[in-house]
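Enquirer: Structure provided below as C-alpha cells; questions to follow.
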C-alpha cells in the first residue's frame, strides 16, 4: 500500500515535528532520491518549505550579485528539505487547509538562497502556488 504522503503530493502540508518545530510546505517526488518502502524502487519525497520572513542576516545573504540589488525582498530564501523517510511520518488527517503529518523528519538538507539564480526557485514555484502559498 502506498504511504499517504504520496497521495498528497503538491498539496499543502503541516508537519508536526516533535524533535524541532512545526514545518509548513509540500511533498514532491524526488528526482535525486529513491525509496523501496513499497516494494520496487520509486522516487522518494522532497519536502519543500517556503520561508518568507527571514532575519536580516538571511536577507543580507539573499541579495543579488550586485550588493545594492535585492532580487526579491518578499521571498529571500527557499529552503529545500530532501530525502524524506516517509515511514517515520504518521498521517493525522486534514486540519483547515493542510494535510497534517506527525513524526520524525529525516532528511539531507539543502538550502537555496535567492542570489539571482532562479533555477531552483522556479522549479517549485508552480507547485507552491497550487498548494496555496503566496508566491511573488
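The values are calculated or read from the model by the stated rules, or taken from the named source; none is laboratory data. If you're wondering where the values come from, they're calculated on a predicted model, not measured in any experiment. Glycine gets a Cβ as well: all are built from the backbone with ideal geometry, and neighbour counts include every protein chain shown.
Enquirer: Mind checking which residues of the range 16-34 are more than 22 Å from residue 123 (Cα to Cα) and in contact with a strand residue (DSSP E or B) (Cβ under 9 Å, 6 or more places away or on another chain)?
Expert: 16, 17, 18, 22
Enquirer: Is there a residue being more than 17 Å from the chain's Cα centre (by Cα), under 24 Å from residue 27 (Cβ atoms), at pLDDT 70 or above and part of a loop (DSSP other than H, G, I, E, B) anywhere in the range 101-108?
Expert: Taking every residue of the range 101-108 in turn, none turns out to be more than 17 Å from the chain's Cα centre (by Cα), under 24 Å from residue 27 (Cβ atoms), at pLDDT 70 or above and part of a loop (DSSP other than H, G, I, E, B).
Enquirer: Also, I was wondering about something else. Could you tell me which residue of the range 75-91 is modelled with the highest pLDDT, considering only residues that are farther than 13 Å from residue 17 by Cβ and touching a strand residue (DSSP E or B) at 6+ places or on another chain (Cβ under 7 Å)?
Expert: Filtering first and then ranking leaves 91.
Enquirer: Now for a different question. If a residue has to be over 16 Å from residue 132 (Cβ atoms) and touching a helix residue (DSSP H, G or I) at 6+ places or on another chain (Cβ under 9 Å) to count, how many in the range 6-42 make the cut?
Expert: Residues meeting the conditions: 6.
Enquirer: A further question on this structure: Which of the residues spanning the range 57-74 are at pLDDT 70 or above and within 24 Å of residue 11 (Cβ to Cβ)?
Expert: Scanning the range 57-74 gives no hits.
Enquirer: Within the range 10-56, work out how many residues are at pLDDT 85 or above, under 13 Å from residue 84 (Cα atoms) and part of a loop (DSSP other than H, G, I, E, B).
Expert: 0
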